[in-house]
Amino acid sequence: MPTLVPIDEALFTWPTEEPRLRGGRCTACGAVAFPLPSSCARCTSTDVEEDLLPRRGTLWSWTVQRFPPKEPYLLTDTFQPYGVGYVDLGDVVVESRLTTADPELLWIGEPMELQVVPFAPGGDGEQLVTFAFAPAAEEVEDR
């Protein structure tokens, strides 16, 4: 089994704890951003601290990407359409891949939960992983 390695450790916590996105909160004005910025987009302060974002949110909007992204995106296999959405985490709305592209399983306002998913093969038998949001299982069954 390959060793699982985050595509970028600055994006999310894992594997030592539950996955959480690493956002930033400005200590001057309170604005929250993802990923963790070096300065605040609202007030330009450089006093920004790491703020671990909630694992659960709601789907704000979504679409299906039906064509391969432009270079330098890493394509490893035959292209498969994938879901892309904006997930509202309360203080910030995050753009993310979704774990499904099935329109029957996605709707605006749907509860979503952060997951760690395979991304691409890495070096030395490693498997790169990234984050994506999945429909919260108990909520999908109630729809």
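The values are calculated or read from the model by the stated rules, or taken from the named source; none is laboratory data. Not measured: the values here are computed from a predicted model. Cβ coordinates were reconstructed from backbone atoms using ideal geometry, including for glycine residues, and neighbour counts include every protein chain displayed. These accessible areas exclude ligands, DNA and RNA; they are computed on the full protein's heavy atoms, side chains included. Shrake-Rupley method; radii C 1.70, N 1.55, O 1.52, S 1.80 Å.
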Scan of the chain for chymotrypsin sites (Phe, Trp or Tyr not before Pro) in DSSP loops with at most 16 other beta-carbon atoms within 10 Å gives a longest site-free stretch of 1-72
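When the chain is fully extended, how far beyond the present Cα-Cα distance does L4 get from A134, taking 0.36 nm per residue of separation? If you can, show how the numbers build up before the last one.
On the way: separation 130, 0.36 × 130 = 46.80 nm, distance 1.94 nm.
Between L4 and A134, full extension yields 44.9 nm more.
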Carbon and sulfur: what percent of the chain's accessible surface (1.4 Å probe)?
-> 50
Rounded Å value of the spacing that divides the Cα centres of the stretch 97-112 and the stretch 1-77 = 19
Rolling a 1.4 angstrom probe over the protein heavy atoms, how many square angstrom per residue are accessible across the chain?
-> 60
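Could you give the longest part of the chain that holds none of the GluC sites (Glu not before Pro) found in DSSP loops with at most 13 neighbouring Cβ atoms within 10 Å? Before the final figure, lay out the partial values.
Numbers: sites that count: E9, E17.
That gives 18-143 as the longest site-free run.
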